[in-house]
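Written out below as structure tokens is the structure these notes cover.
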Protein chains: 2
Amino acid sequence: MKYGVAIFPSKKLQDTANSYRKRYDPHYALIPPHITLKNSFDIDDDQIKDVSNKLEHVARNHEPFTLKVYKISSFQPVNNVIYLKVEPSAELEGLHKEMHTNFFGEDPEYSFVPHITIAQKLSDDEHSDVYGSLRMLGVEHEEVIDRFHLLYQLENGSWTVYETFRLGKE
Amino acid sequence: MKYGVAIFPSKKLQDTANSYRKRYDPHYALIPPHITLKNSFDIDDDQIKDVSNKLEHVARNHEPFTLKVYKISSFQPVNNVIYLKVEPSAELEGLHKEMHTNFFGEDPEYSFVPHITIAQKLSDDEHSDVYGSLRMLGVEHEEVIDRFHLLYQLENGSWTVYETFRLGKE
């Protein structure tokens, strides 16, 4: 089964992201707005308890932290993804790193650029239009993140939460 | 904010339910297939910690249990909702009851009929057609349920998981 690890920001920030995603992100209906900590990975059903225990350990070793979103950016020319740019922080880096070492046993494909996708699968022309207008809007938001989630993917491509992990919880 | 409490069954059962929901349930994209334990309720942000603690208490007081789905049924004539019928069990009754007494302080609107919706908002004619063909299909499924989730609703009507509670967990 395919699993992934993500942070859902507050309802407020999700509503903001969705106001763009609705028009520009074909994954709009598949998963709420999120920050990916670990991309889709395949594990057997009998490994899920182990993975879950390890993630609980990771969660306990990291305290809640402040998430800052400060502008709208794009991954172009790598790809035509537009996103809410999240300020890199030691806490996010730490969570990401722990989920890509040891038992998870693989290096991340790309360097970690924490973000909340709001538009993707755009043609070059669409990207240029949409990014042109969105980047002007600006965004300035801060909130405390105190949890992340392990999710699995259904056959239709949508994601269901398997478990929540609270940061720093005893 | 609007919250609700639900059980997500296994990927296998969710995939089955989605194969029908895709065509017949306008909520298909808003939430994965689920068994509602507590319908949408409004609470202030500062109450959520309290609610979460109480739900954790409920979860600890109930052990994992076997969920049985054994036929396709309909709520007609009350409404045109078609669903996978879940065999009532002491565990499901207990969970539902605890979430509608004490601090939750309200009696359920209806008697509890545990189910997984696969079709809704059908006209009478559609209902009769769809139910006529679905009820013939039959369904027979058993699995162990060991968790439930607290969710909140976004402005677009979709639901995000706030927290997972494991049954009987120490």
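The mean sequence separation of alpha-carbon pairs under 8 Å and at least six residues apart, normalised by the residue count of chain A, gives a relative contact order of 34 percent. Taking the label point 7 Å from Cα in the Cβ direction, how far apart in nm is residue B:144 from each other copy of itself, listed shortest first? Computed spacing set for this position: 3.7 nm. GNM on chain B, alpha-carbon springs under 10 angstrom: the most fluctuating residue among B:73, B:111, B:123 is B:111.
Taken over the protein assembly as shown, the convex hull of the Cα atoms encloses 147 Å³ per residue. Among A:60, A:23, A:147, which one moves the most in a GNM of chain A with springs linking Cα atoms closer than 10 Å? Most flexible of the set in this elastic network: A:23.
Considered as an equivalent ellipsoid built on the Cα gyration tensor, segment A:120-170 has semi-axes of 32, 21, 5 Å, the largest given first. Shown for residue A:71: label points 7 Å from Cα along the beta-carbon vector, and their distances to the equivalent points in the other copies, 6.3 nm in ascending order. By accessible area, using a 1.4 Å probe on protein heavy atoms only, the protein assembly as shown has 46% of its surface on carbon and sulfur.
Separation of segment A:1-76 and segment B:126-170, taken as the distance between their Cα centroids, equals 21 angstrom. Taking every DSSP helix (H) stretch of at least 4 residues in chain A, weighting each as -39,500 (n - 2.57) and dividing the sum by the residue count yields a mean residue ellipticity at 222 nm of -9000 deg cm²/dmol. Total buried accessible area between A and B, probe 1.4 Å, nearest 100: 2300 Å². Each other copy places its own label point for residue A:15 at 3.7 nm from this one, sorted shortest first, where the point lies 7 Å along the Cα-to-beta carbon line. Note on chain B: with a GNM built from Cα contacts shorter than 10 Å, the maximum mean-square fluctuation among B:31, B:43, B:72 falls on B:43. Helices assigned as whole DSSP H runs in chain A whose Cα atoms extend at least 27 Å along their own long axis and whose mean Kyte-Doolittle hydropathy is 1.0 or higher are not found.
Please state, rounded to one decimal and in Å, the Kirkwood hydrodynamic radius that chain A gives when every pair of distinct Cα atoms enters the mean of 1/r.
16.7 Å
The values are calculated or read from the model by the stated rules, or taken from the named source; none is laboratory data. Nothing here was measured: the structure is a model prediction, and the numbers come from that model. We place every Cβ from the backbone using ideal geometry, glycine too, and count neighbours over all the protein chains shown. Note: accessible area is taken over every heavy atom of the protein model, side chains too, but ligands, DNA and RNA are not part of it. Shrake-Rupley method; radii C 1.70, N 1.55, O 1.52, S 1.80 Å.
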